[in-house]
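The values are calculated or read from the model by the stated rules, or taken from the named source; none is laboratory data. Computed from a predicted structure; not experimentally measured. Counting neighbours? That spans all protein chains shown, and the Cβs are built from the backbone with ideal geometry, glycine included.
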Amino acid sequence: METTEITLRVAIAAAERLREPDERARLGALLSAAIASEATFEELAEAAHLLTASDPTRRAALREAFAGMQQAAAAAGITPDDVESELAAWRRERAAAGGEPARRVL
């Protein structure tokens with residue numbers, strides 16, 4: 001990815017974190033991804049909020065997001081079996097390409 005240096009006005013606390021090269025690279029990648037995503041300001045604000053939210057808050061947001069995806073899939077005529085079939089095919093392709101098998105974390 002091609003990059004460039006820029007100057008941004010940020011809070012002093014943010015500037016302190018940005019002094020570390022690894023943190024600057026990580027946050028630069030996050031900013032690049034956020035801008036490239038074409039997300040709205042409200043969506044980015046919600047994402048930023050979730051980064052610092054408690055585990056129960058993040059889990060509730062994930063449950064809500066998955067419920068929305070399930071509703072959209074059902075409306076499009078996609079069944080849970082269709083999703084499982086696609087995931088299985090993806091895992092087989094990844095394994096055949098020498099990629100690490102997907103891990104399930106509970």
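Taken together, the criteria place Glu20 among residues that are surrounded by 10 or more Cβ atoms within 10 Å (Cβ to Cβ) and among the acidic types (Asp, Glu). Mind checking which residues of segment 39-57 are at pLDDT below 85 and loosely packed, with under 11 Cβ neighbours inside 10 Å? Within segment 39-57, Leu51, Thr52 qualify. From the list Ala61, Ala13, Ala89, the lone residue that is at negative phi, loosely packed, with under 10 Cβ neighbours inside 10 Å, without any contact (Cβ under 8 Å) to a residue 40 or more places away in the chain and in a helix (DSSP H, G or I) is Ala13. Among residues of segment 31-53 that are under 24 Å from Glu5 (Cβ atoms), those with a beta-carbon under 6 Å from a residue that is surrounded by 12 or more Cβ atoms within 10 Å (Cβ to Cβ) and small (Gly, Ala, Ser) at least six positions away or on a different chain give the pairs Leu44/Ala34.
Would you say Glu42 is under 21 Å from Leu8 (Cα atoms), among the charged types (D, E, K, R) and in a helix (DSSP H, G or I)? Spelling it out, Glu42 is indeed under 21 Å from Leu8 (Cα atoms), among the charged types (D, E, K, R) and in a helix (DSSP H, G or I).
Taking the criterion of being more than 16 Å from the chain's Cα centre (by Cα) and of a type in the set (Asp, Glu), the residues of segment 1-54 that qualify are Glu2, Glu5, Glu16, Glu20, Asp22, Glu23. Screening Gly98 on (1) of a type outside the set (Lys, Arg); (2) outside any helix (DSSP H, G or I); (3) modelled with pLDDT of 95 or more shows it passes everything except condition (3).
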